[in-house]
Amino acid sequence: MNYNSIKISTQQAEKIAFNFFNVTGNVTVLPGEVDFNYRIKVTNSEGYILKISRPNEDVDYLDYQQKLLQYVAQIGNNLICPRVITDINGASISLYIDQHGNQRMVRLLSWVSGRIWSNVNPQLNHLRFSLGEQCGKLTQALQGFDHEQAHRKFDWDIAQSLWTKKHLNLFKNEKKKIIAFFQNEFETSLTKYEKLRSAVVHNDANDNNVVVSNELINPKVKAVIDYGDAVYTQIINDLAIACAYAIMGHNDPLEAALPIVKGYHTTFPLQETELEHLYNAIAMRLVISVTKAALNKIEEPDNAYLLVSEKPAWEVLEKWYATNSDFALYCFRQVCGFTAHPDQTKFSKWAAKNDFNTCNLFPNLNKEGIHLLDLSVSSTWLGHQQDFNDLDYFQYKIKGLQKRYPQKIMAGGYLEPRALYTSSEYDKIGNNGRESRTVHLGIDFWLPANTPVHALLQGEIVVVENDAGFKEYGGLIILKHTVGTLVFYTLYGHLSLVSLQGKEVGQILEKNECIGFLGTPEENGSWSPHLHFQIMLSMLGDKKDFPGVAYYKQIAVWKSICPDPNLLFKSNELQKSTPISNTDLIKYRKEHLGKSLSLQYKIPIKMVRGSGQYLIDEYGQKYLDTVNNVAHVGHENYAVVKSGREQMSLLNTNSRYLHDNINQLAKELIETLPSELSVLHFVNSGSEANELAIRMTKAATGEQDIIASEVGYHGNTNMCINISSYKFDGKGGKGAPEYTHIFPLPDAYRGKFRGQASGAKYAEEVQDQIDSIHKKGRGVGAFIIEPIISCGGQIELPDGFLSKAYAMVRAAGGLCISDEVQVGCGRLGKTFWGFQLHNVVPDIITIGKPLGNGHPLAAVACTQEVAEKFANGMEYFNTFGGNPVSCAIGTEVLRTVKREKLQEHSFVVGEFLKNKLHLLAKDFPIIGNVRGQGLFLGFELVDIAMNPLADQADYLANRMKDHGILMSIDGPDHNVIKIKPPIIFTQENAEELILYLKKILAEDFMKL
């Protein structure tokens, strides 16, 4: 029957609702595969859903649905579900004759308010967990219900899914291969599958049948609606269906499925045998979906609803096909509280009863002791990334350890998160950004090349090769061991190729038989000769690739598949001490560190290593850093580290002794400055620099009054706090001191005066402060401001403001200070120093954060006139200011900026990023303003009325952290996202930043 000829208009539906149920309201069409569905909105009520059947539909089937709903309403404790509304005659099903004389069945159900799953963004783990919870609760409530119609023939029943085989011809090439694979897998397991627990289940928790609460942050699933597909089938199918739809649109569908499985298990405990069939059941639901879509294109091409899931179903089906089924099972088991691998406990008990030691592996060495070698991401022995990437140097260090501990074997590494794996070859884009394999799954034994390696116990060779699939191991042998009903594997990696000759798959090696010899780094691509020894309880069905390093997120599963080899050796030396948990670190901080110290992000991160524009946490996960302008030329820049290390090994003392380094740093700085600023004083921080600058102005002018900007921040010393509105006008502050005079934040976007023409008006505000000082009978000491005001929210000074303000201050006898602590040293791209953007020359500039690249180093540059007046007989001495180590580091920072043309780089990348942010603002009006220069940018989040949106800014920063990108908030209203990364930040980094900003800005909480 033609689909369009049997449709019911909204006007007809409105009449039906009134005639049969005496209900009136606004009627809108809802999607549906079989029934025609309509929402009826009623004032002061959640409303109803009107369901009108197709012509001549089986009334017994509809009666089944109604009885099922009534059963759930009665049995389901606190379970939200649609309630059956009887008609004016008390019937739960009404008969309607349409305009063609067809009999149509009419039902009215209560409306469940909330949002449909498909309209919720983001769909995070806690939401998927609640989906599993609700589906499990519903399954529990349906226990004991049955009906003849529940046992009907039904295409959407996974248990009956092999009907799809006869339509395999609808597909071609790879798609046909994928569908045939899953059909065959399902058919092969059918005997065991049919013995699983069965009951009536909902059977259709798709993205249009799941209702989510209205909270924009941490919403939960309220209810599962539309019971039309309920059927008596294997219970695991119900969970499979919920997973199949909820994992659509995710890069890693298995990871997305796990919270659903866990949630379901908490409310309806699953059996281990059921989990064995979940992977195939999810696949077969998707197979049904794409097969139905292919058929519907032929049968009902006008019914768009029937095709809505086709593309996302194919996307997830292809990803599911690429997901290892054994690994999926182990993941399902782990989240349900079982051991991930079913033989984990059996192996541990066997290992506990058997004694092995390193002499069994290396009988020719006569060494039993172990020296634990720490190669973790936080290892100080490992040192700088450039050091451990230098193979010759790494081997030199290993040999040095071996000479130092001649009777011990250098070993370690199990579950060690490592920074050694700097290649991006095994990176993947997960559901929350880029992920890298970092966690080592075996033990490494560092020994000389050609050391013989022996089998721990009898085993069959299942892998012997130096194949591309195993390139992380070099020459490789994997042995299969069968001990009673226990089967496991041992892996011996980094063997020499010549020693593998004569070894064949299927060959039995006896206990203590020589397997091969350790290879050289040249043939195995490793840092130094060593054996990678690993235990596997499963080969995951693949003899061509098995990882020796895992993704951190999956470690709970991998440590079950690959148990600790030290279960065999029982070495005390290989037992690593338990690291201090982040919870304990936070607790200690709260007890013993200053109460005003804060931590970044709602869930703080423990960072242990830096590398360029990245920070790396304790698990080896990399975070793109858009915040730390302190690491000006990159975290742990090797040239900078090397210069500091070399000088520290020679001498570090104060500036009262002659030393070349202080002069070299002075020369490098003076080259970047206008000729007027030719005298330098070196200090340890930006705060010290600004403190000294204020002292200089008081000495030079004899005046104490300072003019500064609203929301300005210039440091944490007493004097600096006294001129920092950001502090004394904020929490805990007591307002401006007597000698500090604050003019309004020169914000051309949301400030007192707006538009770039506002510069003159803001300059008049400075003049007003000058006049106020004069009225008190005092003179102006100094005017201090950042060329782009950082804590104000990356505020660019309006055109003409700074030159006018400088002229006014100088006319009043004051000095002009440019605070370059945040913006200096080439960050702004167009100019090396911020004041140069405005064609002015200050009397004093202060330099801080970027100069030392993380080392405490800062400077004050001033004119000869200021310097002479400051030298009034009171000596200025700073114990650490200008020491040889600091000066060596500062010199190398400046040379790196010049040598690598990082100022020009900052301009190019900054302009690219700024343009991308402007384009983003067109799509997301919550971005009210984009501003800044070079790699010192910011964008402000506001509503339509330009009110600040602090909560959204906080949400954005925390969600970006979840995707491996560090961002921070600033501005007086805490609504500005600031971007000030190391200036080696690349265009590719900028594109990644924009990609995830776009993703998070599209989430529900960010919508205006």
Please name which of VAL840, HIS100, VAL823 has its Cα lying farthest along the dipole of the chain towards the positive end, using unit charges on Cβ (Lys, Arg +1; Asp, Glu -1) and the Cα centre as origin. VAL823
Here the gain from full extension of LYS165 to LYS775, 0.36 nm per residue of separation minus their alpha-carbon distance, amounts to 210.2 nm
Given a Förster distance of 22 Å, report the FRET efficiency between GLU676 and ASP799 from their Cβ-Cβ distance, rounded to the nearest 0.05. 0.40
Spatially proximal lysines relative to LYS166 (Cα-Cα < 21 Å; intrachain offsets below 8 disregarded): LYS153, LYS175, LYS176, LYS177, LYS292, LYS297
Scan the range 6-102 for chymotrypsin sites (Phe, Trp or Tyr not before Pro) in coil per DSSP, keeping those whose Cβ has at most 15 other Cβ atoms within 10 Å, and list them by number. none
I'd like the distance between the alpha-carbon centres of the range 831-892 and the range 763-780, rounded to an integer number of Å. 28 Å
Under a 5 Å amide H to amide H cut-off, with H placed in plane at 1.01 Å, what residues pair with LEU518 once short-range neighbours are removed? ASN450, THR451, VAL453, SER496
In the range 4-113, with Lys and Arg counted as +1 and Asp and Glu as -1 at Cβ, which of these residues, GLY90, SER113, ASN37, has the Cα nearest the positive end of the dipole, that is, farthest along it? SER113
Cα→Cβ-extended label distance, 7 Å offset, between LYS399 and LYS172, nm: 6.2 nm
Picking from LEU295, THR323, MET248, whose Cα lies most toward the positive end of the charge dipole for the range 116-335 (charges on Cβ: Lys, Arg +1; Asp, Glu -1)? THR323
Read phi for every residue in the range 558-568 and hand back ³J(HN,Hα) as whole Hz from Karplus 6.51 cos²θ - 1.76 cosθ + 1.60, θ = phi - 60°, with x for Gly and Pro. 5, 6, 8, 5, 10, x, 4, x, 6, 4, 7
Measure out, as a whole number of angstrom, how far apart the alpha-carbon centroids of the range 483-519 and the range 146-162 sit. 51 Å
Three semi-axes of the equivalent ellipsoid, the range 344-569, Cα gyration tensor, whole Å, largest first: 25, 22, 18
Express in nm, to one decimal, how much length is gained between ALA760 and LEU651 on full extension, taking 0.36 nm for each residue of separation and deducting their alpha carbon distance. 34.0 nm
Unit charges on C-beta of K, R, D, E only; dipole of the range 4-113, Debye: 240 debye
Distance in nm between label sites at ASP374 and THR879, each 7 Å beyond Cα in the beta-carbon direction? 2.9 nm
Charge dipole (debye, nearest 20) of the range 344-569; +1 at Cβ of Lys and Arg, -1 at Cβ of Asp and Glu: 600 debye
Highest to lowest packing among 586-598, 449-461, scored as the average C-beta count within 10 Å: 449-461, 586-598
Taking only the alpha carbons of the range 1-126, what extent do you get along each of the three principal axes, in Å, biggest first? 49, 31, 30
In degrees rounded to 10, the 0-90 angle between helix 125-142 Cα long axis and the longest Cα principal axis of the chain is 20 degrees
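Please state the charge dipole magnitude for the chain, taken about the Cα centre, from unit charges on C-beta atoms (+1 on K and R, -1 on D and E), reported in debye and rounded to the nearest 20.
Computed charge dipole of the chain: roughly 780 debye.
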Taking Cα atoms, the helix 950-962 axis meets the longest principal axis of the chain at an angle in degrees (rounded to 10) of 70 degrees
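Extension gain ASP146-HIS100, at 0.36 nm per residue separation less the Cα-Cα distance, in nm?
Net length gain for the segment: 13.0 nm.
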Separation in nanometres of the label points that stand 7 Å from Cα toward Cβ, at ALA556 and THR191: 3.5 nm
Per the Kirkwood formula on distinct C-alpha pairs, the Rh of the chain is how many angstrom? 33.5 Å
Report, in degrees rounded to the nearest 10, the 0 to 90 angle that the Cα long axis of helix 902-923 makes with the longest principal axis of the chain. 40 degrees
For ASP326 and LYS297, FRET efficiency with R0 = 30 Å and r from the beta-carbon atoms, rounded to 0.05? 0.30
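Each value in this text was obtained by applying a stated rule to the coordinates, not by laboratory testing. Keep in mind that this is a model prediction, so the values were computed, not measured. Positions of Cβ are generated from backbone atoms using ideal geometry, with glycine treated the same way; all protein chains shown enter the neighbour counts.
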